[in-house]
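Readers should treat all values here as calculations from the given coordinates under stated rules, not as data from a laboratory. In this text the structure is predicted, and so the values were computed from the model without any measurement. Cβ coordinates were reconstructed from backbone atoms using ideal geometry, including for glycine residues, and neighbour counts include every protein chain displayed.
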Amino acid sequence: MRKRSRTVALAIVGAASFALAGCQEEEVDAQAFPDRESCHQAAQSGGMFSDAECDKAFAEAEALHVESAPRYDSRAVCEEQHGEGACGTEAQATNGGGSGSIFMPLLAGYLIGNMLGGRGMSAAQPLYRSSDGKFTNAARTSTYSSNSGRAKMGRSMFTKPAATAGKAPMTRATATSRGGFGTSAGSRSGFGG
Amino acid sequence: MEKITLPERPDWREKAKEVGFTFADMHGEPYWDESSAYRFSLREIEEDIEDPSSELHAMCREAVDTITKDEALMTKLGIAPLHHDLVANSWADGAPELYGRFDLAYDGTGPAKLLEYNADTPTSLYETSAFQWDWLEEQIANGVLQDGDDQFNGLHEALIARFQELFEKGTDLHFTAMADSPEDYATVESLGWAARAAGLGAHYFELQKLALSTDGQFLDDKDQVIGTLFKLYPWEDLLNDEYATHIATSGCHMLEPAWKAVVSNKGILPVLWQMFEGHPNLLPAFFEADVARALDGQEAGPERFSSVAEQFQAGYVRKPIFSREGAAVEIIRAGTTIEATAQSGYGEFPRIVQAYAPLPEFDGFHPVIGSWIVGETCAGIGIREDRARITQDLSRFKPHFIRD
């Protein structure tokens, strides 16, 4: 008789990820799109969301992007976190409304949950690249292996991120102290095709 | 049982890094060491380690029943009278246990000898249940090991089954450890994964962030009430902390239960010897205070001692009832200390003495077998070896396999 398990849990994802992903919570059908166009295409082929929902969600995600995207005090720090060429200034992101010396990652897609917004929630969430080629949300609490595809996700993934606009941008020290991204390695919130 | 030199997986360090096994090297020394491995026969595993370990656990349960009904004995085991009810009631109420690890001296011949039982806060679960398992699977795939080779390592599945047995599907459990200890954390996360695989909610937070509510309940770092708490933090320390008196009234189910305070306690060793004198897996053991004069040769001592006095003359080990990672342990031979470890703050506790069972030596290292109990049954082993005779926190973890 076999004396060993058929499977094990090989990854140690770290306290921050483990605490967050642990909630037993209501699940939501969700889909990620790299851009508005791909949402419309999916709508025409009988997808989960209509054209109008695509537009509404995209507008919501863009507003959240301006309000809550991670902000950095230099392009170098931003690119360290999000990859080369993945950052722009706050001024560019807000069409001239913000600072030219604060840097934010570019919007790299958006995630829509099939749900009503609810208090403190947003059914649409901006996605950003992370330095390891994966994707992350504005609060940088979740890692996604892709910016397209459908999955069932916990409701907490649609918590409205805290606003960063008008707050002190992150210094190098605070940005690099956030370890643990990427250790969850897509196995946590992967999007099947 | 033999130690066999094997080629290491060329990429194991990258693999360790990738999966978050950050302490594969510690203090500049290898901790995970797969340059060699221990081979056991199936008979050695099943008859010498697995069955005796399950039996030892059953004996410990009998000992707990005796201890918790005897206030004087509980005091002797370092439990303050203030907490006798908490410990005794947890046993009387049948509060279930989750896991534990025996440390056994075993060389492939003769019965394994119980050195002590880490029944409350055993660590090295991750490297035992997961990284060791992966080593076996990969080394079989690499052709370094043979297709039919196996490993005594059903820990992950046994833990899932245990969680399913103890909790309704969907129950939320809290897991906690002290911050900034990657080794402790890895063990806690391994348990958390098993809980999730069992269909339970597993929430992690740092123990220092636990709060007390106005209703006397324990709260996590997000102010949520804790229904069940797995804590990788020793009972003897919990009972010394400010919130100790709130444990009984908090309504919180504790894992391990409070009665483990008298199991993960070297004071259980003399109690076991008293109850099961001569058992092949036990070493003669006594409370030092009961035999101090006999050890000095000033008197014969109690009868149970005089029958093993010669064995003690040949060598014995003195340990405080509470100590972790081999701290404050002394080996004494013919009245002389031949090896000792730092006191590390455990020195003030009462001591027990135990006949010395030297660990075997393989290529200059002394392996100790960690046999894991899940629920009430042995479910796997992990081996650590040390150059010194007393296994401490700088020991190396060695993988094992079964081949007849």
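For the residues of B:200-206, the average number of beta carbons from a partner chain within 10 Å of their own beta carbon is 5. Within the stretch A:62-96, name every residue whose backbone N is under 15 Å away from a label modeled 7 Å from Cα of A:D132 along the Cβ vector. A:81-83, by backbone N distance to the label point.
In chain B, the DSSP beta bridges split such that about 75 percent are antiparallel, to the nearest 5.
Pairs of lysines in chain B whose Cα atoms sit within less than 25 Å of one another amount to 28, provided the residues are eight or more positions apart or on different chains. Once you divide the Cα radius of gyration of the stretch B:279-331 by 2.2 N^0.38 Å, the number left is 1.19.
Here the label points at A:R6 and B:E2, each 7 Å from Cα along the C-beta direction, are separated by 3.4 nm in the simple model. Principal semi-axes of the equivalent ellipsoid, √(5λ) from the alpha carbon gyration tensor of the stretch B:303-404, are 26, 17, 16 Å from largest down. The Stokes-Einstein estimate for the protein assembly as shown, based on a Kirkwood radius over Cα pairs and taken at 4 °C with 1.567 mPa s viscosity, is a diffusion coefficient of 49 µm²/s. Stokes-Einstein, applied to the Kirkwood radius of the stretch B:110-203 over Cα pairs at a viscosity of 1.002 mPa s and 20 °C, places its translational diffusion at 141 µm² s⁻¹.
Estimate the FRET efficiency between B:Q274 and A:Q41 by the formula 1/(1 + (r/R0)^6), using the beta-carbon distance for r and 60 Å for R0, to the nearest 0.05. Can you show the working numbers first?
Working: r = 78 Å, r/R0 = 1.29.
Approximately 0.20, to the nearest 0.05.
Counting every alpha-carbon pair across chain B, the share separated by more than 33 Å comes to 32%.
Take B:72-81, B:236-245 and order them by the average number of nearby Cβ atoms within 10 Å per residue, most first; the result is B:72-81, B:236-245. The lysines whose alpha-carbon is closer than 30 Å to the alpha-carbon of A:K56, local same-chain residues fewer than 8 away aside, are A:K134, A:K152, A:K160, A:K167. The calculated P(r) of the stretch B:197-349, using every Cα pair and 10 Å bins from 0, goes 9, 30, 25, 18, 13, 5, 0 in percent.
Using bins of 10 Å that start at zero, the share of Cα-Cα pairs per bin across the stretch B:245-311 amounts to 18, 37, 21, 15, 9, 0, in whole %. P(r) tail for the stretch B:30-117: Cα pairs beyond 17 Å make up 63% of the total.
Computed packing ranks the peptides B:206-218, A:135-147 as A:135-147, B:206-218, most packed first, by mean other Cβ atoms within 10 Å. Shielding of peptide B:175-187 by partners, expressed as the average count of other chain Cβ atoms within 10 Å per residue Cβ, is 1.
The spacing between the stretch B:1-17 and the stretch B:303-380, judged by their C-alpha centroids, is 30 Å. Between B:A95 and A:A63, what is the FRET efficiency for a Förster distance of 56 Å, r being their Cβ-Cβ separation, to the nearest 0.05? The formula returns an efficiency of 0.60 here.
May I ask you to derive the FRET efficiency for B:E71 and B:T249 from their Cβ-Cβ distance with R0 = 22 Å, giving the value to the nearest 0.05? Provide the component values of the computation, followed by the final result.
Numbers: r = 21 Å, r/R0 = 0.97.
That pair, B:E71 with B:T249, gives E of 0.55.
First select every other residue whose beta carbon is under 13 angstrom from the beta carbon of B:A340; then total the charges, Lys and Arg +1, Asp and Glu -1. So the environment of B:A340 carries a net charge of +3. Ellipsoid semi-axes for the stretch A:48-109, based on the Cα gyration tensor and the rule √(5λ), read 25, 13, 8 Å when sorted largest first.
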